[in-house]
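In what follows, a single structure is set out as structure tokens and then discussed.
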Amino acid sequence: MAYDYEKSIRPGKLPHIWCPGCGHGIVMKGLIRAMDACGLEKKNTAIVSGIGCASRMPGYLDFNTLHTAHGRAAAFATGIKMAKPEMTVICCGGDGDGAAIGGNHFIHACRRNIDMTYVLMNNYIYGMTGGQFSSSTPTGHLASTTPYGNPDPCFDLAKLAIGAGATFVARTTAFHANQIDKLIAEGIKHKGMAIIEVLDDCPTTYGRRNKFRSVVDMMKRLKEIAVPVTAAAKMTPEQLEGKTLTGVLHKEDRPEYCENYAKIIARVQGA
Amino acid sequence: MAKKIALLQGNEACAQGALYAGCNFFGGYPITPSTEIAEVMAGELPKIGGKFIQMEDEIGAIASIIGASLAGSKVLTASSGPGISLKQELIGYACIAEVPCVIINVMRGGPSTGMPTGPGQSDVMQARWGTHGDHAAIALCPASCQEIFTETVRAFNLAEKYRMPVQVLYDEIVGHMRERIVFPEPGELEVIDRPAPSVPPEKYKPFDTSFGDVPPLAAYGSDYRFHVTGLNKAEDGFPTTKAELVDAEERRQIRKVECPEARADIESNEEYLIDDAEVVVLAYGSTSRSARYAVNELREQGIKAGMFRPITLWPFPEKRVAQIGEQVKAIVVPEMNLGQMIFEVERVVKNSCKLAGVHRVDGDPLTPSQIIDQVKEVL
Ligand SMILES: Cc1ncc(C[n+]2csc(CCOP(=O)(O)OP(=O)(O)O)c2C)c(N)n1
Ligand code: SF4
Ligand SMILES: [Mg+2]
């Protein structure tokens, strides 16, 4: 029997705003399956986003949902989680939202290792505003504000998250739909900050400017550049040229922020 | 039983007032001259099982308290000029999403970094207009340490009752001054918590106006499940661009504060020797302390002076100030800025009396003699 997504979707809220071929819908389905697999209770789950096409996701999901301001999802989510550590808190949003305007909140949430799962949809572009370059647009690529090619170097978002202290960091792509839910579920189960970067496609504002004639071309590219970490170990640097590692890139155990704070409360109250 | 008495700094009194009001979440970022509030909250909140977090910046700080408030906490942040400038973005968010929160602004001079350790009253208009878009504002301005305590309690009450951000403004002088505080007993001051929804979860709409202009707010993690956005929204909380819904929503959010009943509830003024006054000094915050001294001095010299002190700066006490304008020959407005509230007074009194300002922005307080001189000049 086909998987029932409807039970997690808010009645009457579809159709969504995303363009045909946009990868954000694939990620949403993955997120729904992951939350289901983890047995999350709707009333004890909060889904928080910023602003952008990707950030419209929570509105469709039948949970506690918070559509905040551009870049601020991690900071709002931190408040919810601190106030009610018993809740499961999930952030979702785009590359521009999470890593450019929201970069400061993002790295500090990683550093604190607060128990949240952040699904970061990296479509290499500011989609919602019509395709300006973001902090993850590759150098040389075309965007509406880089008509001569992007002069900026770009972030490796997973590396950024690892460097900032996230204790679970994974990456996959919108092509690898069957991996998205598994990695998100692993992130939800992980105690601490879990970042799941999903390389995503925006055919409307990124694809058409960068010689991906169709959605299929974009998906093929995502398929081609992805190399599972396990396979990469056996590959030469030449073979890895232009590729992106996928799967669980980093996992460690480190004290979680709210648990640490709970210990402070216990100590102060015991004294 | 003898009441608890202490010698407290204004900022400490603020933190104590917040705790009295039931504050259980503080998100902050250090800045002079407000930092002591964060320091007291960091020490006190864990004792009562509350939460303190120092965020990465002031935007993060206000974001964290809005998140915590939606999860049911009573929340506070505190800052000063530069930090309040950063918070403006999400003050607007708390307005449109109607999230109770209290923001303390211990004012210093400016703009930009200005004079971090000098007092100022230059954020009066920022408190009214400081975020983009039409919105209502509530701002309270205590003038003593005791009043900082009680006005902080009142700020929480108004935030919870009207479901919106409420700012408390005082300047560095009152923030860092030490005065005797008499702690109210528990129950002595009214403490208001946001009304809980009365409908079952499946009927709940976060902006349901059938309960009046202030819809009840549920909490994340309770049996109620809801959506919140910074977009213009309909009663169910979901974005809308329907002209009539947007219009109704925008107007309601202002009406809930500015309708006569709400104004009567929110406004608070002190009147001193006004009944027979020919000249009134309209002063707020620490400047009112010099103003009171000046009024006494003027009376001794035979000049019929009085003082009007708005404790609620916003909404501005329009009606009463207009009446005073009809009664007196002149109103003098001393401010530790180059003229802000005086424009509001001018708007309200029109040409019914003479109007003059006394301004000081060099980091020293306005003195009674400066006010006295101006009163004599204008009469
Ligand atoms: C403070 C602020 N600055 C700018 C914008 C305009 N804006 C809206 S969405 C967006 C970019 C979103 O890009 P991304 O997060 O990558 O999401 P995508 O649309 O690509 O899914 C921008 C710049 C805004 N809403 N708020
Ligand atoms: S503009 Fe791009 S990111 Fe936005 S919905 Fe369309 S395809 Fe998706
Ligand atoms: Mg993007």
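The values are calculated or read from the model by the stated rules, or taken from the named source; none is laboratory data. These numbers were taken from a predicted model, which means no experiment stands behind them. Glycine also receives a Cβ, built like all others from the backbone with ideal geometry; neighbour counts cover every protein chain displayed. With ligands, DNA and RNA removed, areas are computed over all heavy atoms of the protein, side chains included. Shrake-Rupley method; radii C 1.70, N 1.55, O 1.52, S 1.80 Å.
What does the helix-only formula give at 222 nm for chain A: each DSSP H stretch with n ≥ 4 adding -39500 (n - 2.57), the total divided by the residues, and the result rounded to the nearest 500 deg cm²/dmol?
On the way: 9 runs with 89 residues, N = 271.
Result for chain A, helices only: -9500 deg cm²/dmol.
Quick one: of A:13/B:87; A:81/B:233; A:81/A:189; A:159/B:87; A:159/A:243, which pairs are farther than 20 Å apart, Cα to Cα? Please report the intermediate quantities before stating the final value.
On the way: A:13/B:87 32 Å; A:81/B:233 25 Å; A:81/A:189 15 Å; A:159/B:87 30 Å; A:159/A:243 15 Å.
Check vs 20 Å cut-off fails for A:13/B:87; A:81/B:233; A:159/B:87.
Return the single residue from B:284, B:272, B:162 with maximal mean-square fluctuation; model: Gaussian network over chain B, springs between Cα atoms under 10 Å.
B:272
Can you list the residues, at least 5 places off or on another chain, whose amide H is less than 5 Å from the amide H of residue A:173, using H built in the peptide plane?
Amide H neighbours of residue A:173, under 5 Å, 5+ apart: A:199.
Identify all lysines with a Cα-Cα distance to residue B:256 below 16 Å; exclude those on the same chain that are fewer than 8 residues away in sequence.
Of all the lysines, those that pass the test against residue B:256 - Cα under 16 Å, at least 8 places apart if same chain - are B:161.
Given a Förster radius of 25 Å and the C-beta distance between residue B:343 and residue B:255 as r, what FRET efficiency does 1/(1 + (r/R0)^6) yield to the nearest 0.05? Mind dumping the intermediate values first?
Details: r = 24 Å, r/R0 = 0.95.
Step by step, r from the Cβ atoms, then E = 0.60.
With both partners inside region B:5-182, how many of the DSSP beta bridges are antiparallel, as a percent to the nearest 5?
Values: 6 of 26 bridges.
Approximately 25 percent, going by the DSSP bridge assignments.
At a Förster distance of 25 Å, what's the computed FRET efficiency of residue B:297 paired with residue B:351, Cβ-Cβ distance as r, to 0.05? Walk me through the numbers on the way to the answer.
Numbers: r = 29 Å, r/R0 = 1.14.
Using R0 = 25 Å, I get an efficiency of 0.30.
Quick one: of A:263/B:47; A:42/B:205; A:29/B:203, which pairs are farther than 20 Å apart, Cα to Cα? List each step's numbers first, then the result.
Values: A:263/B:47 12 Å; A:42/B:205 17 Å; A:29/B:203 27 Å.
Check vs 20 Å cut-off fails for A:29/B:203.
Measuring from label point to label point, each 7 Å out along Cα→Cβ, what is the residue A:152 to residue A:225 span in nm?
1.6
Using 7 Å Cα-to-Cβ label points, what is the residue A:43/residue B:244 separation (nm, one decimal)?
3.5
In whole Hz, what ³J(HN,Hα) sequence does region B:93-110 give by Karplus (6.51, -1.76, 1.60; θ = phi - 60°), x for Gly and Pro?
4, 5, 5, 6, 7, 6, 10, x, 6, 10, 10, 9, 10, 8, 6, 10, x, x
May I ask what percent, to the nearest 5, of DSSP beta bridges between residues of the protein assembly as shown are antiparallel? Intermediate results must be reported in sequence, preceding the final value.
Details: 21 of 86 bridges.
Counting DSSP beta bridges with both partners in the protein assembly as shown, the antiparallel share is about 25 percent.
Could you list the square roots of 5 times each eigenvalue of the Cα gyration tensor of the protein assembly as shown, that is, the equivalent ellipsoid semi-axes, sorted largest first and rounded to whole Å?
On the way: eigenvalues 514, 124, 110 Å².
Value: 51, 25, 23 Å, ordered largest first.
Mind giving me the FRET efficiency for residue B:129 and residue B:322? R0 is 35 Å, r the Cβ-Cβ distance, nearest 0.05 is fine. The partial results should precede the final answer.
Details: r = 21 Å, r/R0 = 0.61.
It comes to 0.95.
When the Kirkwood hydrodynamic radius is evaluated over all pairs of different C-alpha atoms of region B:5-182, what value in angstrom, to one decimal, is obtained?
Details: mean 1/r = 0.0648 Å⁻¹.
Computed over region B:5-182, the radius equals 15.4 Å.
By what distance, in whole Å, do the Cα atoms of region B:270-378 stretch along each of the three principal axes, largest value first?
31, 30, 23
I'd like the Karplus ³J(HN,Hα) series for region A:155-165: coefficients 6.51, -1.76, 1.60, θ = phi - 60°, whole numbers in Hz, and an x wherever there's a Gly or Pro.
Rounded to whole hertz, the list is 6, 9, 5, 5, 4, 4, 5, 5, x, 7, x.
Please state the equivalent ellipsoid semi-axes for chain B: what are the square roots of 5 times the Cα gyration tensor eigenvalues, largest first, in whole Å?
Output for chain B: semi-axes of 35, 24, 19 Å.
Counting protein heavy atoms only and a 1.4 angstrom probe, how many square angstrom of accessible surface do chains B and A bury in total, to the nearest 100? Write out the running numbers ahead of the final one.
Values: alone 15560 and 12700 Å², together 25140 Å².
Summing both chains' loss of accessible area gives about 3100 Å².
Relative contact order for chain B using alpha-carbon pairs under 8 Å, separation at least 6, rounded to a whole percent?
Details: 832 pairs, mean separation 60.0, N = 379.
Averaging sequence separation for qualifying contacts and normalising by length gives 16 percent for chain B.
Could you check what % of the DSSP bridge pairs in chain A are antiparallel, to the nearest 5? Spell out each step's value before the answer.
Details: 8 of 37 bridges.
Here the share of antiparallel DSSP bridges comes out near 20 percent.
Along the charge dipole of chain A, pointing to its positive end and built from +1/-1 on Cβ of Lys, Arg, Asp and Glu, which listed residue (A:122, A:83, A:71) has its Cα farthest out?
The listed residue farthest towards the positive side: A:83.
Determine the calculated [θ] at 222 nm for chain B from helices alone, applying -39500 (n - 2.57) to every DSSP H run no shorter than 4 residues and normalising by the residue count; nearest 500 deg cm²/dmol. Before the final figure, lay out the partial values.
Values: 13 runs with 146 residues, N = 379.
That comes out to -11500 deg cm²/dmol.
How large is the Kirkwood hydrodynamic radius of region B:169-310, counting all unique pairs of alpha carbons, in Å?
Working: mean 1/r = 0.0505 Å⁻¹.
Result for region B:169-310 stands at 19.8 Å.
Shape call for region B:201-264 from the C-alpha gyration tensor, a ≥ b ≥ c root eigenvalues: rounded (a/c under 1.5), prolate (a/b greater than b/c) or oblate?
Details: a/c = 2.35, a/b = 1.31, b/c = 1.79.
Oblate, since a/c reaches 1.5 and b/c is not below a/b.
For region A:16-270, what is the relative contact order in percent, using Cα pairs closer than 8 Å and at least 6 residues apart in sequence? List each step's numbers first, then the result.
Values: 562 pairs, mean separation 49.1, N = 255.
Relative contact order for region A:16-270 comes out at 19 percent.
Obtain the nm distance between the two label points defined at residue B:115 and residue B:362 by a simple spin-label model: each point lies 7 Å from its Cα along the Cα-to-C-beta direction.
In this crude spin-label approximation the distance works out to 0.9 nm.
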